[in-house]
Amino acid sequence: MDWNFASAVVTGGAGFVGSHLCERLLSLGTKVVCVDNFATGARENLWELLDTPGFSLVEADVTTWPADPPGDVDLVFHLASPASPRDYLRLPFETLAAGSTGTAWALDLARRHDARFLLASTSEVYGDPGQHPQREDYWGNVNPIGPRSVYDEAKRYAEAYTAAARREWQADTTIARIFNTYGPRMRAEDGRMIPAFAGQALRGEPLTVAGSGEQTRSICYVDDTVTGLLALAASTHPGPVNIGNPHELTVLEIAEEIRRLTGTRAPIRHIPAAEDDPRRRCPDIGLARAELGWAPEITSADGLARTLRWFGGPASRSA
Ligand code: NAD
Ligand code: UDP
């Protein structure tokens, strides 16, 4: 990968994906300004970074049009947004604002610095998909007024804004559609499937599988996702490009794998299905392979073992 960016701004850099991204950017020799208001992120995600030369933190809300971060900007990654269903359901207006006003601010910053801009969009733009696996030219099936719409539609708006900036300003933009990503630094209580199952299994509590558990997800380890985001940033591709792992599993299979890796005897407990929960989700990554030469490398067994080790799982320590 040809990497020519001296300085980057990462909105949402104190979050789960953002903190890994900041780390990798610094390891490539890129200076990083992280802009975050800690709505769903954590200062402890940045502990090691705060002392790293080239890293700085601006505590600010991107939806209130904050002052420009200091220094040059060659690249803007816009990740700031609540991302777990539990978070965006409790922060509906903040989520809508992060996708709309927050995206406008981040794009304006990129425009004024003539910087490349990458929007962290999501597989949620496909909604409950009518096409399987999902390719980038599929327009999606989203309930515009359901509870998840605050996230899905905010991201769809963010994509529309980014596409307009490219058309109207000739801005150098791209869009990553990120599929379910997991790994160290997910918040134990963020309600997403993997931290929920990991915490439950490690405490010996029943694993709460929503509905029948036959719904599918395709889970991508965070290191692979970050490599994909960097490859897309380094390219000239306008996106959208799916960044995800095409290995599709049912939610029940994921729960069973976590039971196996932790050695827990705790049972599965079925809980009511979430409203508008997508039934299938799997990326077609043909475009990312062809245009970026990228594909994920970490298997779910390996990635889950690493994640469980981080969450403190005894049975995974040898993995
Ligand atoms: P996260 O909640 O851990 O991180 C989001 C970060 O954005 C947090 O640090 C939060 O404090 C910050 N933030 C939120 N609103 C803000 C605001 N108004 N101003 C400044 N900072 C703000 O979530 P994550 O899983 O790391 O997701 C990061 C990005 O990637 C999000 O945009 C999300 O939509 C996207 N994404 C993630 C996944 C995934 O599986 N993790 C999948 C698809 C897309
Ligand atoms: N899920 C579950 N039990 C939980 C949390 C989530 O069965 O304790 C299910 C959820 O209903 C969905 C899948 O796991 O079908 C993935 O949910 P997550 O919140 O991780 O991400 P989503 O893909 O829905 O954004």
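Per-structure values
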{"quantity": "Hey, Pro272 surrounded by fewer than 16 Cβ atoms within 10 Å (Cβ to Cβ) and in contact (Cβ under 8 Å) with a residue 60 or more places away in the chain or not", "calculated": "yes"}
{"quantity": "Some residue of region 32-46 being within 16 Å of ligand 2 (Cβ to nearest atom) and of a type in the set (S, T, N, Q)", "calculated": "yes"}
{"quantity": "The one condition in (1) within 23 Å of Ala98 (Cβ to Cβ); (2) under 20 Å from the mean Cα position of the chain (by Cα) that Pro129 fails to fulfil", "calculated": "(1)"}
{"quantity": "The listed residue being at pLDDT 95 or above, of a type outside the set (Phe, Trp, Tyr) and open to solvent by 40 Å² or more (accessible area, probe 1.4 Å), out of Asp152, Asp223", "calculated": "Asp223"}
{"quantity": "Gly99 touching a Phe, Trp or Tyr at 6+ places or on another chain (Cβ under 6 Å) and not β-branched (Val, Ile, Thr)", "calculated": "yes"}
{"quantity": "Residues of region 138-158 satisfying the condition of being over 20 Å from Glu248 (Cα atoms) and part of a loop (DSSP other than H, G, I, E, B)", "calculated": "Trp139, Val142, Asn143, Pro144, Ile145, Gly146, Pro147, Arg148"}
{"quantity": "Residues located in region 53-91, provided they are of a type in the set (Val, Ile, Thr) and surrounded by fewer than 17 Cβ atoms within 10 Å (Cβ to Cβ)", "calculated": "Thr64"}
{"quantity": "Some residue of region 191-214 being in a helix (DSSP H, G or I), in contact with a Pro (Cβ under 9 Å, 6 or more places away or on another chain) and open to solvent by less than 10 Å² (accessible area, probe 1.4 Å)", "calculated": "no"}
{"quantity": "Filter result for the condition that a residue is more than 15 Å from ligand 2 (Cβ to nearest atom), out of contact with any strand residue (DSSP E or B) (no Cβ under 6 Å at 6 or more places or on another chain) and touching a residue at least 12 places away in the same chain (Cβ under 8 Å), over Ala97, Ala154, Ala196, Ala158", "calculated": "Ala97"}
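This table checks each residue for (1) of a type in the set (D, E, K, R); (2) touching a helix residue (DSSP H, G or I) at 6+ places or on another chain (Cβ under 8 Å); (3) more than 16 Å from ligand 2 (Cβ to nearest atom); (4) at pLDDT 95 or above.
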residue	(1), (2), (3), (4)
Ala14	no, yes, yes, yes
Thr52	no, yes, yes, yes
Asp61	yes, no, yes, yes
Asp68	yes, yes, yes, no
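Listed here are the residues, each with its yes/no results for (1) within 9 Å of ligand 1 (Cβ to nearest atom); (2) in contact with a Phe, Trp or Tyr (Cβ under 9 Å, 6 or more places away or on another chain).
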{"position": "Asn180", "(1), (2)": "yes, no"}
{"position": "Asp190", "(1), (2)": "yes, yes"}
{"position": "Pro195", "(1), (2)": "no, yes"}
{"position": "Val222", "(1), (2)": "yes, yes"}
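The values are calculated or read from the model by the stated rules, or taken from the named source; none is laboratory data. Just so it is clear, the structure is predicted and the values come from calculations on it, not from any experiment. Cβ coordinates were reconstructed from backbone atoms using ideal geometry, including for glycine residues, and neighbour counts include every protein chain displayed. For accessibility, only protein heavy atoms count, side chains too; no ligands or nucleic acids. Shrake-Rupley method; radii C 1.70, N 1.55, O 1.52, S 1.80 Å.
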